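Here's the structure we're looking at; comments come further down.
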Number of protein chains: 4
Amino acid sequence: MSSFKGNALRGTFFLIFGLGWSVKYPLKYLSRKLNADNQARKNMICICLYCLGMLAEQFVPDGPHMGLYSGGTYSWEKLTNWQYTTMYLFYGLSGIVDVLSYSPLKLSLGLDRLLLSVAMFTEGFLFCFHDYNNTALDQHLHSLLLIAIFGGALCALMEVFLRDHTILEFFRTSFFILQGSWFWQIGFVLSPPWGGPGWDQTDRGNFNFLTMCFFWHYAAALLVTAANSVFSYWYVVGQGNNFGALKNAF
Amino acid sequence: MSSFKGNALRGTFFLIFGLGWSVKYPLKYLSRKLNADNQARKNMICICLYCLGMLAEQFVPDGPHMGLYSGGTYSWEKLTNWQYTTMYLFYGLSGIVDVLSYSPLKLSLGLDRLLLSVAMFTEGFLFCFHDYNNTALDQHLHSLLLIAIFGGALCALMEVFLRDHTILEFFRTSFFILQGSWFWQIGFVLSPPWGGPGWDQTDRGNFNFLTMCFFWHYAAALLVTAANSVFSYWYVVGQGNNFGALKNAF
Amino acid sequence: MSSFKGNALRGTFFLIFGLGWSVKYPLKYLSRKLNADNQARKNMICICLYCLGMLAEQFVPDGPHMGLYSGGTYSWEKLTNWQYTTMYLFYGLSGIVDVLSYSPLKLSLGLDRLLLSVAMFTEGFLFCFHDYNNTALDQHLHSLLLIAIFGGALCALMEVFLRDHTILEFFRTSFFILQGSWFWQIGFVLSPPWGGPGWDQTDRGNFNFLTMCFFWHYAAALLVTAANSVFSYWYVVGQGNNFGALKNAF
Amino acid sequence: MSSFKGNALRGTFFLIFGLGWSVKYPLKYLSRKLNADNQARKNMICICLYCLGMLAEQFVPDGPHMGLYSGGTYSWEKLTNWQYTTMYLFYGLSGIVDVLSYSPLKLSLGLDRLLLSVAMFTEGFLFCFHDYNNTALDQHLHSLLLIAIFGGALCALMEVFLRDHTILEFFRTSFFILQGSWFWQIGFVLSPPWGGPGWDQTDRGNFNFLTMCFFWHYAAALLVTAANSVFSYWYVVGQGNNFGALKNAF
């Protein structure tokens, strides 16, 4: 599933989280207190999302179906799918700790952010050490992605020590939206959904254009995050009477 | 506009900001309070500067005139100009947030510094991933520039957490002046205004000299920043009576 | 001793520390106060472990037996063993400072963590600058190890400033367990104990699989650390009466 | 002066500072207050040392004698000497700020440490971008040196924010001693004082040995710093009556 559908799935996954956070965090500061029970229930849904991601990577028609080593050809099978499964596994671990942090277990404050940071660093190092088989454009696209991944990972790491810091949450949210939209872009560049080959891997102009394009995506991600903050503010302040309903929604 | 004029324009742009800050910050600490309305109006001028920068990159005679892809030759057009346009765009975003931070919108404190940091990191990564077409001296000059850019970006990032820290502001100001004067140097080295080819791209002596030269620029930038601080101090303390006029000027 | 036994010894060494810490730190927070005399005595045992490590690297049958330069062949002898001896030497220094920090000498608080950090950075840089003789898989395995080493070193460095931070101790413990289990993995991959050659150094599938495998080790290390914390909690809370005995054990 | 004498001079320079600090900082904490006038006078001596360094690099028999460009051969002259002159220049600037920080000028606290950090980063980047003309061992020796330089630079940078932190001062002192002794080692390896060629630049064993050797130097530097601290403690506590004389000496 290194095709368009795989990248679209990953992009959607990160966009859901990024856009969800871009509404959740402003509301948190406006209402000062979110319903903890409700929150834990929402986090259970996140874990389901991670599990779905893992299952999708494994059991799509051209996936590995849990087979890792082929005895016939003496070679590893579908390692790219396994790699994304590993990525979802770590996000899943971080999700479990997130749920437990609402339980009466009294986890150390900040452990949820640490695990999120570990998940993002894991994702980043998996892309770093990935073997791109001399497909230079592929490598370039994922190198740009690393900026978003490690940026987000450093934000989450700093949140371990500076908890509930609005700016860090804003920053991390924008990096998640960037990651999501860039996965879609990768899909369109490497394997367009309307068929045909991907972009020319040797044209240096493509490299320079995509570098710029990545930062346009980021400008858009910043605007979306800012717009959602403003929207949340307007919603809460302007329509205080139906705020109870909203608190349950996120 | 990768010629002398372009580099001179960029250099002037950064010098204006650096020199402006080198006077503004000492005054801030001496007077303890700057006129907020006035400040917002000054920031509007900054945004105009960014817009002018963008327009200049686009509409100079040999610029792209907003055209990005040439259907005739199936290739990207004037990507270097587009790249600098992107750079000005991010500085423009940071300028808008700067203006908004003086408005009654109650932005999170530090968001203006974060956006400045994002703008500088964007500029840095654009230079990192730029394709220098095997012109080693060009790449060397921009690698040195990266020290100033990422140095300034880290300063701005730390100011998000340590707001109004004199040392960080001093440091950031000196990096901006360095960037400005180095853009001028790049212009003189690669495309001298008196015509003729640039410096020899293969002479290793040029590389070693320019490395040293970069740090001489930095020594000069430090001295200029220090001199302006001393000058501001002398101006305020020695001529307290016309301080009101000065406060309006910056 | 770059064979299986050497890697197994190093792996066991790090596992002992990692697993020991994974029980010691939760107990510290549950009991609030560890017996200082007892602690110093335990640290003496650690120093013995480091000395044993050094002696093992030097005096195994194919070791250098303290000889560094061979006058006969005009060449350095068994540098890999000497390198690991250097590694144990720095861990030994950190152990000595650990013991002294319980003495009445009034060392600066945090010096023990700093020396631990120095030991880990030393280990990391020794692997960085090691010459792998074109054995790419060997280098890949040790590059992955560097993530665990430098991760742990940064944790220890931050503990100098943020002493007794639960999250940092948890993180550092998990990195030590990871290092231990990965040394075992390196042993199995490069020189399997059942004889025969190591894995194919040219198959790119091996590289991608081992990258993933490293992060599975880390997921396991996180689970082990978490399980030991839970176990310690259950032991202390459920069986408060025999807690005195436990305090002496660690 | 890239010969033995130059490296010995640089080594001695850093050793004087490192060993001086290794006695000064413990005394500072034992006596709580150093004579400010005296301190400024000591710092003047430091500036003289920097000037001597600059003059030595310029006016040794085979130095550039302030000539930078040779009109005859159309090439840069003696750039290595100029590079070290630049290094001493920045240490000189940091020395001047150090003196001024004892003056009634009310400099921002921490500016002296910032300038020291800038001087070390400058030194580091000068070595980074230096062209080693395919002499791999030369480059390897200076790469190792970078660990000491950037380590010290980061320490000084952190001291801007965490002033008078014993651990950071201890750490920085040890890095200066390491730098000093390593410059001597570089001299012995590349151009032995007893004549003859330097070590074999192609033998991989030399690379591995020197990597280890660097960390043995560091272990020695740590021991010397610790011993001087203990000696200072013993001197002050055991011989309190002649402490006044000592305070004037450092």
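Below is a table of values for the structure above.
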| quantity | calculated |
| --- | --- |
| Selection within segment A:83-96 - within 30 Å of C:Leu30 (Cα to Cα) and more than 9 Å from chain C (Cβ to nearest Cβ) | A:Tyr91, A:Gly92, A:Ser94, A:Gly95, A:Ile96 |
| Residue in segment D:107-122 that is free of Cβ contacts under 8 Å to residues at least 24 places away in the same chain, farther than 22 Å from D:Met44 by Cα and of a type in the set (Gly, Ala, Ser) present | no |
| Verdict on D:Thr80 being under 14 Å from the mean Cα position of the chain (by Cα) and facing chain B (nearest Cβ under 10 Å) | no |
| Per-region count, segment A:202-216, residues crowded, with 17+ Cβ neighbours inside 10 Å and in contact (Cβ under 8 Å) with a residue 40 or more places away in the chain | 5 |
| Search result, residues across segment A:132-152 that are part of a loop (DSSP other than H, G, I, E, B) and among the aromatic types (Phe, Trp, Tyr) | A:Tyr132 |
| Any chance A:Phe59 is under 18 Å from A:Phe183 (Cα atoms), more than 12 Å from chain C (Cβ to nearest Cβ) and aromatic (Phe, Trp, Tyr) | no |
| Flag for A:Arg10 being modelled with pLDDT of 85 or more and charged (D, E, K, R) | yes |
| Checking D:His65 against (1) within 12 Å of chain B (Cβ to nearest Cβ); (2) surrounded by fewer than 20 Cβ atoms within 10 Å (Cβ to Cβ); (3) not aromatic (Phe, Trp, Tyr), the condition it does not meet | (1) |
| Qualifying residues in segment D:201-215 (those that are more than 7 Å from every other protein chain (Cβ to nearest Cβ) and within 23 Å of C:Leu89 (Cβ to Cβ)) - the one modelled with the lowest pLDDT | D:Asn206 |
| Of the criteria (1) over 26 Å from A:Ala226 (Cα atoms); (2) buried (at least 16 other Cβ atoms within 10 Å of the Cβ); (3) out of contact with any Ser or Thr (no Cβ under 6 Å at 6 or more places or on another chain); (4) of a type outside the set (Lys, Arg), which one A:Thr73 fails | (2) |
| Set B:Leu154, B:Leu109: member being closer than 21 Å to D:Phe161 by Cβ, modelled with pLDDT under 90 and hydrophobic (A, V, I, L, M, F, W, C) | B:Leu109 |
| So D:Ile45, is it farther than 30 Å from B:Asn206 by Cβ, surrounded by fewer than 16 Cβ atoms within 10 Å (Cβ to Cβ) and modelled with pLDDT of 90 or more | no |
| Flag if A:Leu93 is crowded, with 16+ Cβ neighbours inside 10 Å and either within 23 Å of the chain's Cα centre (by Cα) or touching a residue at least 40 places away in the same chain (Cβ under 8 Å) (or both) | yes |
| Filter result for C:Asp112 (over 26 Å from A:Leu154 (Cβ atoms) and surrounded by 16 or more Cβ atoms within 10 Å (Cβ to Cβ)) | yes |
| Residue, nearest to the other protein chains (Cβ to nearest Cβ), within segment B:105-131, restricted to residues that are of a type in the set (Phe, Trp, Tyr) and assigned to a helix (DSSP H, G or I) | B:Phe125 |
| Criterion violated by A:Tyr102 - all others in (1) in contact (Cβ under 8 Å) with a residue 40 or more places away in the chain; (2) hydroxyl-bearing (Ser, Thr, Tyr); (3) facing chain C (nearest Cβ under 10 Å) satisfied | (3) |
| Failed item in (1) surrounded by fewer than 18 Cβ atoms within 10 Å (Cβ to Cβ); (2) touching a residue at least 40 places away in the same chain (Cβ under 8 Å); (3) within 25 Å of C:Leu223 (Cβ to Cβ), with A:Ala136 passing the rest | (3) |
| Qualifying residue in segment A:6-27 (condition: buried (at least 17 other Cβ atoms within 10 Å of the Cβ), more than 28 Å from A:Leu107 (Cβ to Cβ), in contact with a Pro (Cβ under 7 Å, 6 or more places away or on another chain) and among the polar types (S, T, N, Q)) | no |
| Any hit, segment C:70-77, residues being in contact with a strand residue (DSSP E or B) (Cβ under 7 Å, 6 or more places away or on another chain) and not in a helix (DSSP H, G or I) | yes |
| Filter result (crowded, with 18+ Cβ neighbours inside 10 Å and either touching a Leu at 6+ places or on another chain (Cβ under 7 Å) or of a type in the set (A, V, I, L, M, F, W, C) (or both)) within segment C:143-153 | C:Leu144, C:Leu145, C:Ile147, C:Ala148, C:Ile149, C:Phe150, C:Ala153 |
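Condition check ((1) touching a Ser or Thr at 6+ places or on another chain (Cβ under 8 Å); (2) in contact (Cβ under 8 Å) with a residue 24 or more places away in the chain; (3) within 9 Å of chain A (Cβ to nearest Cβ); (4) of a type outside the set (Lys, Arg)) across all residues:
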site	(1), (2), (3), (4)
C:Gly152	no, yes, no, yes
C:Leu168	no, no, yes, yes
C:Thr173	yes, yes, no, yes
C:Phe176	no, yes, no, yes
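Residue-wise test of (1) modelled with pLDDT under 95; (2) surrounded by fewer than 21 Cβ atoms within 10 Å (Cβ to Cβ); (3) not hydroxyl-bearing (Ser, Thr, Tyr).
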position	(1), (2), (3)
C:Leu141	yes, no, yes
C:Leu190	yes, yes, yes
C:Trp194	yes, yes, yes
C:Trp199	yes, yes, yes
C:Tyr218	no, no, no
C:Asn228	yes, no, yes
C:Ser232	yes, no, no
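The values are calculated or read from the model by the stated rules, or taken from the named source; none is laboratory data. Worth saying up front: this structure is predicted, and the values here are computed from it rather than measured. Glycine gets a Cβ as well: all are built from the backbone with ideal geometry, and neighbour counts include every protein chain shown.
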